[in-house]
Each structure stands twice: as C-alpha cells, then as structure tokens.
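What follows is a single structure, written as structure tokens, with notes after it.
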Amino acid sequence: MKKMKRAERMVAITQVLMLKPNVLTPLTLFAERFGTAKSTISEDLVAVKESLLLSGQGHLETISGAAGGVRYIPEISKEEATQFLNMIAERLSDKERILAGGFLYMTDLLFDPAILRQLGLIFAGVFRPQRPDVVVTIETKGIPLALLTAEALGLPMVVIRSGNKVTEGTSVSINYVSGSSKRIQTMSLSRRALEPQQRVLLIDDFMKAGGTALGMKNLMAEFEAEVVGMGVLVEAQVTEEPKLVDGYLPLLQLKELDMNTGKSLVVPRLPSEFNH
C-alpha cells in the first residue's frame, strides 16, 4: 500500500471517525492501517479536532490509557440548525400539506435520511447534557426520527408498540386516552426491551393534545424509568386547549391551520439551551 501524505491521512482518519460516531477507536488501529507511529496519529488528530470544531461538525473525545482511543461526537452548529429548521418550517407551511383533522402531511420528510440526520443532531445537541441511556418512541412514524437521534447520541432505541405483539414476549401494557381522538387505546413494551431505572429520552414526530406522550410517560413509570427529556418535531398550537403533558421540547410549532382558506403557518423553535 502506498504511504499516504499527511493531508490524505487526515482525510481518511476523519472519514473513519465520522462513519462510526460515538464509537471509541484505538489509535493503534490508525497506526496499523496507515503504517505510521501513534505519535504521528496523535498529531493528525489534533488537526482533525480543530477542523471539526471550526466547521461546526462536532468534536473529538480522547481517552488516554491502554484501553483508550478517540471518539467522534457529531454536532450541528446553532446557525446551521436555525437555517435548517427555517427551511423545514417553510416546507411544512405549504397549503398542500393540510390534512383533515388539523394534521399536516409530513411522511415525505420523516422518511428522508438527509433531513432526519440533521433533526437527530439537533435533538442530540439539546438532550446530550441530560445523559440519557436510551431513546424511546412509539410506532410508527416517529421511528426514523428516534433512530437518527439515537445514532447521534450513540444510544440504543426502543419502540413502544400499539397493542400487544406475540413476537415481543411478556409485555407491559397500559391503556391511554388519545388526546386528539379521545379514544381509549393500548400501548405495550416488552419487558426485555428496557431495563429498570434507565434514563429515557422520549422522541415523537407530532403532538396535538399530548395524550400519546402522557401514555408513554406512564408506561415508562411501569419500568421505573426516569424520563430525562421529551422531544417532539411538530407541536400543534392551533387551539388554546392545554396539553396533557409539560416539559416537552418541540422543534417546530404549528401556529395556524385553516382548512377553509388553505392557510397554515409553521414556525421554528430552536431552544435557547441548544449547546452549539
């Protein structure tokens, strides 16, 4: 293998780290792969770290010792997050997205990996200080958003099921009242999916009245889990009716939706506590 120049080696190191976010990579791996000394790799990593910070793409954590190495923590700058949420808000404000019942069509955005990756980084920037152990969501549309948030945080993801599933084994089930339809529904979670007393981050795609979110919090209580945060992509604020939960953090707010005039207004809400 041809020996790489320093610039080429730094690009390759950056690619390796960014492909494995939140994963501790030993310096010996880079030394063996590029045929150079660990001290040289350490110098390269200093430059890579500075480049990531300047570009707002994240930072590197270095762990010393025999079992140490380097870990890439992906991030998004506050400026980039603001621009991104403004763009998403504008797209969601299109009158063609209005659905019956006061909902917006969001499926195309919720299954676009490029959009989800940015949203996951934004949620991670908000909730990383709360040190969650696991990201939890409810099927189905919230799954991709929760998955990319879990990836950005380097955490596992757990999915709450609507109703009981035989393939899940022994489960804990609760009934809850949907805040929008006022119907009694059931959600369940396998006992194997979540260990007791874990720190949980709840992620969902849309909140209208908050009944589903309240059900998720009540289900977490059955596992003695501590809910350390709740993130919602879009919160409906088209009525003055109070939400059934508090302490949640929406990235976007649906301020106006009129099916008769075809007018809708979605505004971004990047929290002040955003860390980057």
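Using a cut-off of 14 Å between beta-carbons, work out the net charge of the residues near residue 26 (Lys and Arg +1, Asp and Glu -1, residue 26 not included).
It works out to a net charge of +2.
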Could you list which residues have their amide H under 5 Å from that of residue 58, counting only those 5 or more apart in sequence or on another chain, with H placed in the peptide plane?
-> 75
What's the extension gain from residue 224 to residue 117 if we count 0.36 nm per residue and subtract their Cα-Cα distance?
-> 35.5 nm
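How much net charge surrounds residue 228 when only other residues with a Cβ under 13 Å from its Cβ are counted (Lys, Arg +1; Asp, Glu -1)?
So the surrounding residues net to +2.
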Could you compute the FRET efficiency for residue 261 and residue 64, with r as their C-beta to C-beta distance and R0 at 45 Å, rounded to 0.05?
-> 0.15
Applied in sequence order to the range 41-58, the curve 6.51 cos²θ - 1.76 cosθ + 1.60 (Karplus, θ = phi - 60°) yields integer Hz couplings, x standing for Gly and Pro, of 4, 4, 5, 4, 5, 4, 5, 5, 4, 5, 5, 5, 5, 5, 8, x, 9, x
According to a simple spin-label model (label point 7 Å from Cα along Cα-to-Cβ), what is the distance in nm between residue 139 and residue 96?
-> 3.1 nm
Length gained when the stretch residue 173-residue 239 is fully extended (0.36 nm per residue, less Cα-Cα span) = 20.7 nm
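Efficiency by 1/(1 + (r/R0)^6): what FRET value for residue 3 and residue 55, r their Cβ-Cβ distance, R0 = 35 Å, to the nearest 0.05?
0.85
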Could you give me the ³J(HN,Hα) list for the range 246-251, computed from phi with Karplus coefficients 6.51, -1.76, 1.60 and θ = phi - 60°, whole Hz, x at Gly and Pro?
-> 9, x, 8, 10, x, 8
Where the centre of each part is set by its Cα atoms, how far does the range 116-171 sit from the range 197-213, in angstrom?
-> 10 Å
The chain: relative contact order as a whole-number percent, Cα under 8 Å and 6+ apart = 16 percent
Give me the percent of Cα-Cα pairs in the range 6-74 that sit more than 14 Å apart, rounded to a whole number.
-> 53 percent
Anisotropy class of the range 192-276 from Cα gyration tensor, a/c 1.5 cut | prolate
Long pairs among 141/243; 165/243; 3/38; 208/263, criterion Cα-Cα beyond 27 Å | 165/243
For the chain, calculated [θ]222 nm from helices alone, where every DSSP H run of n ≥ 4 adds -39500 (n - 2.57) = -11000 deg cm²/dmol
Where does each of 224-234, 90-100, 116-126 land if you order them by average Cβ count within 10 Å, highest first?
-> 116-126, 224-234, 90-100
So what are the radius of gyration and Dmax for the Cα set of the chain, in Å?
-> 21.4, 69
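Stretch residue 182-residue 42 to full length: gain in nm at 0.36 nm per residue minus the Cα-Cα span?
That works out to 44.5 nm of additional length.
Coordinate-derived values only; no laboratory data. Treat the numbers as computed from the prediction; the structure is a model and nothing was measured. We place every Cβ from the backbone using ideal geometry, glycine too, and count neighbours over all the protein chains shown.
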